[in-house]
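Worksheet: one structure, shown below.
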Amino acid sequence: MSAEQKNQTGGSLLELRHIDKTFNSGSVSELSLFKDFNLSVARGRFVCIIGSNGSGKTTLLNLLCGGETPDAGQILLGGRDITKEPEHVRSRRIGRVFQNPAFGTCPQLTILENLSLADRKGKSYGLSRGVSGKKLDEYRSKLELLKLGLENHLDLPVANLSGGQRQALALLICTMTPIDLLILDEHTAALDPSSSENVMELTRSFVQEKHLTALMVTHNLRFALAYGDRLLMMHRGKTVLDVCDGEKEALHVRDLTERFNEISIEDGNDV
């Protein structure tokens with residue numbers, strides 16, 4: 001049984017059906033990245049996605065979040081066709097943490113103001129009183145989960161935080177309200193090793209405790225093997241490796257580097 005078949009046993013949350021995507025169509029720089037691309041992700045899966053530059057990883061995330069529109073095919077989330085939904089509508093059901101820590105928070109606002117805004121996602125913004133004491137306690141409790149001491153600095157502007165602190169806060173903000181899908185877009189790439197480890201452990205904790213379905217693009221092969229329960233390797237808009245559960249756990253970094261080398265050699269032979 002293939003990883004894709006095993007994945008189906010949990011009931012699909014996300015489906016990409018017969019996706020085509022071409023960039024710069026009709027020009028000398030035309031690039032047909034996806035051609036009849038299909039992917040199904042079961043509810044509750046934590047999928048790690050790796051691949052060389054230009055393999056389609058970022059485009060895949062942009063297609064899911066609405067930053068790009070497929071030329072053909074369908075994208076279904078929870079059985080609902082979201083192919084033509086705008087990005088801001090999808091954001092109510094899809095949370096995304098970016099590589100740049102600055103993208104997931106409002107740096108000019110305080111930690112409290114960032115949390116308050118996140119708490120209002122998908123709700124109307126009317127005139128109301130300030131944050132209640134009950135909400136303050138709730139926000140402090142959420143910040144305590146980060147184990148960074150931020151619960152004692154609610155009035156601190158986010159711009160004053162380190163990259164690791166901001167990324168941890170972005171992860172918290174992204175998952176404060178219920179979402180169907182969590183997108184992690186190389187969210188540790190800009191961090192130092194210690195901060196990266198901390199954010200990854202927080203990621204694991206949030207995904208497990210909130211029972212999230214997650215897709216994580218990463219260049220860190222060790223993280224790709226240590227976290228999640230399904231691994232995809234992409235190349236030129238195709239899935240060249242798809243393993244989950246025990247098959248994934250049996251892999252080592254050298255297995256992935258050898259596969260990358262094989263792909264490189266195959267590309268060279270094609271020239």
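The values are calculated or read from the model by the stated rules, or taken from the named source; none is laboratory data. Treat the numbers as computed from the prediction; the structure is a model and nothing was measured. Here Cβ is always computed from backbone atoms with ideal geometry, including for glycine, and neighbour counts include all displayed protein chains. What goes into the accessible areas is simple: the full protein's heavy atoms, side chains included, and nothing from ligands, DNA or RNA. Shrake-Rupley method; radii C 1.70, N 1.55, O 1.52, S 1.80 Å.
The criterion of being surrounded by 14 or more Cβ atoms within 10 Å (Cβ to Cβ), without any contact (Cβ under 8 Å) to a residue 24 or more places away in the chain and either of a type outside the set (Val, Ile, Thr) or part of a loop (DSSP other than H, G, I, E, B) (or both) holds for Glu197. Considering segment 24-52, the residues that are modelled with pLDDT of 95 or more and farther than 30 Å from Thr203 by Cα include one that is most open to solvent (accessible area, probe 1.4 Å), namely Lys35. Lys84 passes every criterion in (1) open to solvent by 30 Å² or more (accessible area, probe 1.4 Å); (2) within 15 Å of Asp180 (Cα to Cα) apart from (2).
Taking segment 30-146 as the region of interest, the helices (runs of 4 or more DSSP H) fully inside it that hold 1 or more residues being acidic (Asp, Glu) and within 17 Å of the chain's Cα centre (by Cα) are 87-90.
Considering segment 152-165 alone, what residues qualify as being within 15 Å of Glu113 (Cβ to Cβ) and in a helix (DSSP H, G or I)?
Restricting attention to segment 152-165, the residues satisfying the condition of being within 15 Å of Glu113 (Cβ to Cβ) are 153-161.
Answer for segment 152-165, where residues must be within 15 Å of Glu113 (Cβ to Cβ) and in a helix (DSSP H, G or I): Val158, Ala159, Asn160.
Restricting to segment 119-161, what's the tally of residues that are within 19 Å of Pro107 (Cα to Cα) and at pLDDT below 90? Within segment 119-161, residues that are within 19 Å of Pro107 (Cα to Cα) and at pLDDT below 90 number 3.
Looking only at segment 97-115, count every residue that is hydrophobic (A, V, I, L, M, F, W, C) and either surrounded by fewer than 19 Cβ atoms within 10 Å (Cβ to Cβ) or free of Cβ contacts under 8 Å to residues at least 24 places away in the same chain (or both) and tell me the total.
Going residue by residue through segment 97-115, those that are hydrophobic (A, V, I, L, M, F, W, C) are 97-98, 102-103, 106, 109, 111-112, 115.
With the extra rule that they be either surrounded by fewer than 19 Cβ atoms within 10 Å (Cβ to Cβ) or free of Cβ contacts under 8 Å to residues at least 24 places away in the same chain (or both), the set shrinks to 102-103, 106, 109.
Residues that pass the stated criteria total 4.
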